[in-house]
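J.: The structure's right below; bear with me while I get my questions together.
What follows is calculated from the coordinates using simple rules that are stated; it is not laboratory data. Bear in mind the structure is a predicted one, so any value in this text is a computation, not a measurement. Methodologically, a virtual Cβ is constructed for each residue, glycine included, from the backbone with ideal geometry; neighbour enumeration extends over all protein chains shown.
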Amino acid sequence: SGFSPLPESSQWWYDTPFDAGVFWWLCSLFYWIFWLNILLGVSNALPAVPFDGGFLFIGGVDRLLEMAGMKDAKKREDIADRAASYMTMAVWIMFLFVMMSILF
């Protein structure tokens with residue numbers, strides 16, 4: 001299917017330390033675990049509130065507003081929450097567009 005870390009047509013070239021079937025199965029397993037780990041890490045960094053990136057986004061907006069001279073903590077928090085809500089909606093809409101483009 002083209003998703004193998006090393007196509008079966010090229011596996012004959014490499015000398016395996018033990019049973020070739022088990023070796024290539026382990027290589028594929030580690031390959032997919034690596035990519036799933038990368039995917040989870042990147043998706044966790046998205047600036048959407050259910051993920052860690054969303055909370056970092058809220059803290060960053062709050063800090064920028066504080067540096068800009070806004071002293072009222074409640075007003076800063078409200079603005080940061082509203083900005084995070086808009087960003088979360090934008091991320092989810094982009095995610096839905098990607099899913100729709102894959103499905104249709």
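J.: Of Phe55, Ala73, Ala90, which is farthest on the positive side of the dipole of the chain, counting Cα position, with +1 on Lys and Arg Cβ, -1 on Asp and Glu Cβ, and the Cα centre as origin?
T.: Of the candidates, Ala73 comes out farthest on the positive side.
J.: Apply the membrane-span-like helix rule to the chain: whole DSSP H runs, Cα extent along the own long axis of at least 30 Å, mean Kyte-Doolittle hydropathy at least -0.5. List the helices found.
T.: 20-44, 73-103
J.: Here's a follow-up. How big is the equivalent ellipsoid of region 49-100 along its three axes, where each semi-axis is √(5λ) from the Cα gyration tensor, reported in whole Å from largest to smallest?
T.: 26, 9, 8
J.: Could I ask something else about it? Per DSSP H run of at least 4 residues, take -39500 (n - 2.57); add these up for the chain, divide by its residues and hand me the 222 nm value, nearest 500 deg cm²/dmol.
T.: The per-residue figure over the chain is -24500 deg cm²/dmol.
J.: Turning to a different aspect of this structure: How many angstrom separate the Cα center of region 21-42 from the Cα center of region 47-78?
T.: Spelled out, the Cα-based centre of one part sits 37 Å from the other.
J.: Something else about it: Return the label of the correct value of Cα extents along the principal axes in Å, as calculated from the structure shown, out of [x] 67, 35, 18; [y] 47, 26, 18; [z] 49, 38, 16.
T.: Checking each listed value against the structure points to [x].
J.: Placing +1 at every Lys and Arg Cβ and -1 at every Asp and Glu Cβ, with all other atoms neutral, what dipole size does region 42-104 have around its Cα centre, in debye to the nearest 20?
T.: Here region 42-104 has a charge dipole of around 120 debye.
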